[in-house]
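Everything on this sheet refers to the single structure shown next.
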Amino acid sequence: MKNPYLYGYLPLFSIILYSLTFGIFTVSKSIQLFQSIGIYNGMREFLTDVEIRMLLLFVFFLCFFMLFSALKLIGETIHEIGMLFFSKDSEGGAVKAARGGYVLFFIGSLISAFAIQSFTALIIIFALSLFCFFVYSIYKMSQYMSLSGMIGLIAFEILFWSFFITVVIFVCMKLYNGILASLPFAK
């Protein structure tokens, strides 16, 4: 089947599966936290155990869904800006060729369903899916780009993501330090 829209649904399903697996893991850890600080029994007065788990799953699923969707949007935008700068492909064949890599993310999201109990395993599976997709897309686009264009595209994407992650970590650390400094018992 040679339909150009064949892989169009895979990013959505991958995001849903990753959000669900990360959400289920976060629900189990948050319930453990609620039990250790003593608010879980108070919550049980208003809701059953299943209702608490379902509500928490919905909230965490939604948060992870928004996070993964935003990362996909940013990633595709940066990738296509890099293609604008470094590719001479005027018909978009390189982008179309790399879309088959969505299968790799989908397979990774299916595998993550077996690693719900380990955050490290979830992160490793997601990182491996991301790395495999990156290598696959570079391989598929290499026939549409020159060697200098490929090097430029790879450097551009690595520099952007390094800068982006550094800024996010810096902002989180500043926020964390600001919250700690504002607490009366932390002084």
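The values are calculated or read from the model by the stated rules, or taken from the named source; none is laboratory data. A quick note: this is a predicted structure, and the numbers were derived from the prediction, not measured. When we count neighbours, we look across all protein chains shown, and the Cβ atoms used for this are built from the backbone with ideal geometry, even at glycine. When the accessible area is computed, the model is the full protein with side chains, heavy atoms only, and any ligands, DNA or RNA have been set aside. Shrake-Rupley method; radii C 1.70, N 1.55, O 1.52, S 1.80 Å.
A few comments on the model shown:
- Some residue of the range 21-32 being touching a Ser or Thr at 6+ places or on another chain (Cβ under 6 Å) and either assigned to a helix (DSSP H, G or I) or aliphatic (A, V, I, L, M) (or both): yes
- Every test in (1) out of contact with any Ser or Thr (no Cβ under 6 Å at 6 or more places or on another chain); (2) assigned to a helix (DSSP H, G or I); (3) at pLDDT below 90; (4) of a type outside the set (Asp, Glu) is passed by SER90 save one, and that test is (2).
- Selection within the range 141-187: residues that are in a helix (DSSP H, G or I) and hydroxyl-bearing (Ser, Thr, Tyr). The member of this set that is most open to solvent (accessible area, probe 1.4 Å) is TYR176.
- Members of the range 17-54 that are closer than 27 Å to LYS96 by Cβ and either touching a His at 6+ places or on another chain (Cβ under 7 Å) or in contact (Cβ under 8 Å) with a residue 60 or more places away in the chain (or both): LEU17, TYR18
- Any hit, the range 7-14, residues being open to solvent by 50 Å² or more (accessible area, probe 1.4 Å) and touching a Lys or Arg at 6+ places or on another chain (Cβ under 9 Å): yes
- Qualifying positions in the range 60-78 - within 30 Å of GLN35 (Cα to Cα) and either at pLDDT below 95 or surrounded by 14 or more Cβ atoms within 10 Å (Cβ to Cβ) (or both): PHE60, PHE61, CYS63, PHE64, PHE65, LEU67, PHE68
- Among (1) surrounded by fewer than 13 Cβ atoms within 10 Å (Cβ to Cβ); (2) under 21 Å from MET141 (Cβ atoms); (3) at pLDDT below 85, the one test that MET1 misses: (2)
- Total residues in the range 79-105, condition under 15 Å from TYR7 (Cβ atoms), buried (at least 19 other Cβ atoms within 10 Å of the Cβ) and touching a residue at least 60 places away in the same chain (Cβ under 8 Å): 2
- Those residues of the range 35-52 which are open to solvent by 40 Å² or more (accessible area, probe 1.4 Å) and either of a type in the set (Phe, Trp, Tyr) or modelled with pLDDT of 95 or more (or both), in sequence order: PHE46
- Number of the condition not met by GLY108 [criteria: (1) open to solvent by 40 Å² or more (accessible area, probe 1.4 Å); (2) in contact with a Leu (Cβ under 9 Å, 6 or more places away or on another chain)]: (1)
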